[in-house]
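Working notes for the structure below.
A short reminder: the numbers here are calculations on the coordinates, not readings from a lab. Note that the structure is predicted; figures quoted are calculated from it, not measured. For neighbour counting, all protein chains shown are included, and Cβ atoms are generated from backbone atoms with ideal geometry for every residue, glycine included.
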Amino acid sequence: MPGLTANSVNSARVPSQERVVITGVGLAAPNGNSLAEFRQNLLNGKSGIRKFDVRYMGEVIAGVCDFDPLKYQKKKELRRGTRAGSTAIYCAQEAVADSGLDFDSLDKSRVGVFLGITEHGNVDTEKQIYEIKQYDYDTRYVSHHYNPRIVANNPAGEVTLNMGITGPHYTLGAACAGGNIGLIQGYQMLLLNHVDVALAGGVSETIHAFGAFASFRSEGALASHEDPTKACRPFDRDRNGVVVSEGGCVFVLERLAGALARGARIYGEVVGYAMNSDAFDFILPNAEGQARCMQLALKMAGLSPSDVNLISTHATGTPQGDPQECQAIRQVFDGCPNTYINNTKSMIGHAMGAAAALELAGNLPSFEDQTVHPTINIDNLDPDCALDNLVFNEPRKVGRIDYILNNAFGMLGINSTVIVKRLENSS
Amino acid sequence: MTKEEIKTVILDIIAEIAPDEDLSDIKSDVPFRDQLELDSMDFLDIVMELRKRYGIEVPEDDYQQLATLDSSVAYLEPRMKDL
């Protein structure tokens with residue numbers, strides 16, 4: 001939406017130097033390698049879930065990306081780096097290209113990379129143990145590339161190496177809330193004036209190791225279905241667990257003043273967020289903590305629940321988890337007739353550290369097309385999850401959408417909520 | 001292995017660790033690092049591959065012997081002649 005001016009921006013609570021907007025999106029999802037492709041497939045209810053072979057596990061159901069890593073990397077860089085690093089590079093490069101920033105002329109010391117992760121390093125740890133097993137567990141065969149691959153900052157660090165960025169970079173370990181936390185970190189670093197551009201979001205390579213699949217299975221929380229595209233079914237009566245996916249999503253974040261000055265297209269303004277902890281259980285989610293998180297984000301944004309037009313749910317399709325979020329949403333949004341609700345995981349699975357960022361990204365176009373993409377695979381809506389205005393199986397044209405609220409929760413009781421606002425076009 | 005076979009082995013390893021490089025014009029008496037984009041981590045890949053494929057251990061003091069194709073062949077020939 002070009003042509004924005006400072007005057008056209010509503011509710012100027014704070015100076016435009018202290019407001020943060022999204023001006024670029026780059027992503028790799030199991031059903032799309034650009035926001036346009038991703039959005040179209042979400043509107044069409046097209047799943048990106050398929051069968052996938054994993055060492056020790058055999059055939060599993062997973063969300064697998066098919067972006068071209070050689071678009072931004074040499075073969076040698078791919079060989080040296082990690083899948084998460086490669087995914088992050090693709091997303092960051094695409095986001096910068098999408099933003100229209102003249103990246104070559106930017107002061108790279110004022111660019112930061114902040115990526116949420118669920119975990120990192122398991123893929124290469126498992127690979128190294130497999131490799132040395134071929135040599136009777138002789139540790140002399142552990143690769144010298146192992147350390148730089150498994151350090152927790154690896155995905156963000158690979159982005160800086162690839163793009164010549166000399167500002168801060170790190171990842172944020174935040175379980176399945178990672179994508180929101182990465183974005184929040186970018187916002188904060190802009191407000192602190194430590195960077196002028198934040199490349200923020202999340203990334204995951206989890207499907208390339210057996211651990212997550214095996215552990216979810218042991219928890220009784222790994223989805224199964226004859227048809228992989230129907231395996232992830234949040235809110236459906238017959239949901240039976242998580243579909244693990246890989247992916248990435250990076251946002252270009254800038255201060256509103258800078259974005260307006262360069263005439264950037266603005267996807268939306270980050271107006272509120274919250275992070276809190278359940279202090280309740282290692283695995284089980286907790287409606288009370290989630291409700292408090294959403295309320296805190298609303299408070300920061302200065303909004304009433306009824307101001308929110310779209311809630312992008314975290315629900316993963318587990319029997320126990322989905323009703324908790326539904327309970328939390330009912331608690332906060334009871335009596336909000338213009339608040340619609342959807343879920344993205346039904347089509348892309350659970351992209352772990354990337355999930356929240358991808359799920360927000362896929363909903364941002366609703367500011368323009370005024371349409372809520374559906375959650376799919378609801379054949380029998382679970383009464384416990386039968387939220388008013390849940391958009392399922394078919395997209396719904398709902399009229400103007402001004403605020404999107406994006407939930408992401410994770411193990412150890414980590415909760416996060418981000419609220420993004422549509423900005424008016426002066427024209 | 002003959003000298004020619006050892007030379008092929010080394011070039012195979014380098015082709016794997018430097019997949020973007022054209023090795024057809026490589027000069028056998030010029031250091032690899034002067035004609036290819038190889039850094040110290042890549043160099044360690046050569047040492048690792050010799051260990052994995054042939055059980056050959058190259059001590060750190062001898063790394064300089066692997067600087068060029070010619071010096072590599074000369075260094076490895078007595079160690080690989082019975083392979």
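The figures follow:
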item: Net dipole in debye of segment A:287-379 [+1 Lys, Arg Cβ; -1 Asp, Glu Cβ; about Cα centre; nearest 20]; result: 220
item: Efficiency of FRET from Cβ geometry, A:R50 and B:A67, R₀ 45 Å, rounded to 0.05; result: 0.40
item: Where trypsin sites (Lys or Arg not before Pro) fall in DSSP loop in segment A:398-427, at most 15 other Cβ within 10 Å; result: A:R400
item: Cross-link partners of B:K7 among aspartates and glutamates (Cα-Cα below 13 Å; sequence separation of 8 or more within a chain); result: B:D29, B:D70, B:E77
item: Binned Cα-Cα distances of the protein assembly as shown, short to long, each 10 Å bin given as a whole percent; result: 4, 19, 27, 22, 14, 8, 5, 1, 0
item: Equivalent ellipsoid semi-axes, segment A:363-427, via Cα gyration tensor eigenvalues times 5, rooted, Å; result: 25, 19, 9
item: Partner chain coverage, peptide B:16-23 - average Cβ within 10 angstrom; result: 3
item: Most to least packed among A:374-381, A:74-81 [average Cβ atoms within 10 Å]; result: A:374-381, A:74-81
item: Shielding by other protein chains, B:41-49, mean Cβ within 10 Å; result: 3
item: Equivalent ellipsoid semi-axes, segment A:272-421, via Cα gyration tensor eigenvalues times 5, rooted, Å; result: 21, 18, 14
item: log₁₀ of I(q)/I(0) at q = 0.12, 0.14, 0.19, 0.21 Å⁻¹ - segment A:1-149, Debye sum with one point per alpha carbon; result: -0.75, -0.95, -1.36, -1.46
item: Positive dipole terminus of segment A:179-250, leading residue within A:A223, A:I181, A:G202 (C-beta point charges); result: A:A223
item: Mean Cβ count within 10 Å, highest first, over the residues of peptides A:385-392, A:118-125, A:102-109; result: A:118-125, A:385-392, A:102-109
item: Average projected area [Cα convex hull, segment A:270-342], square nanometres; result: 4.9
item: Segment A:260-306: C-alpha pair distances exceeding 14 Å, %; result: 61
item: Inter-site label distance for A:I132 and A:D281 at 7 Å from Cα along Cβ, in nm; result: 3.7
item: Size of charge dipole - segment A:20-261 - debye, nearest 20, with Cβ of Lys, Arg +1 and Asp, Glu -1, no other charges; result: 160
item: Simple spin-label estimate for A:E59 and A:T166 in nanometres, 7 Å along Cα-Cβ; result: 5.3
item: Of A:K397/A:K421; A:K133/B:K81; A:K76/B:K81; A:K230/A:K345; A:K51/A:K76; B:K3/B:K27, those spanning more than 20 Å from alpha-carbon to alpha-carbon; result: A:K133/B:K81; A:K76/B:K81; A:K51/A:K76
item: Spherically averaged projected area of chain B from its Cα convex hull (nm²); result: 4.9
item: Value of [θ]222 nm, deg cm²/dmol, for chain A, DSSP H segments ≥ 4, -39500 (n - 2.57) each, nearest 500; result: -9000 deg cm²/dmol
item: Förster radius 22 Å - calculated FRET efficiency between A:H144 and B:D22, Cβ distance, rounded to 0.05; result: 0.30
item: For residues of A:75-82, the mean tally of beta carbons on other chains within 10 Å; result: 4
item: Net length gained if the chain between A:E424 and A:S304 were fully extended (0.36 nm per residue, minus Cα distance); result: 41.2 nm
item: Amide proton proximity set for A:I311, modelled H, under 5 Å, gap of 5+; result: A:Y340, A:I341, A:N342, A:L405
item: Size of charge dipole - segment A:212-295 - debye, nearest 20, with Cβ of Lys, Arg +1 and Asp, Glu -1, no other charges; result: 340
item: DSSP-defined antiparallel bridges as percent of all bridges, chain A, nearest 5; result: 65
item: A:A214 paired with B:E77, simple spin-label distance in nm, labels 7 Å along Cα-to-beta-carbon; result: 4.8
item: Ranked list, fewest to most other Cβ atoms within 10 Å of each Cβ, for A:E226, A:E325; result: A:E226, A:E325
item: Within straight-line cross-link reach of A:K299, aspartates and glutamates at Cα separation under 15 Å, skipping those fewer than 8 residues along the same chain; result: A:D307
item: Stokes-Einstein D (µm²/s) once Rh is taken as the Kirkwood radius of segment A:20-261 over alpha-carbon pairs, at 10 °C in 1.306 mPa s; result: 85
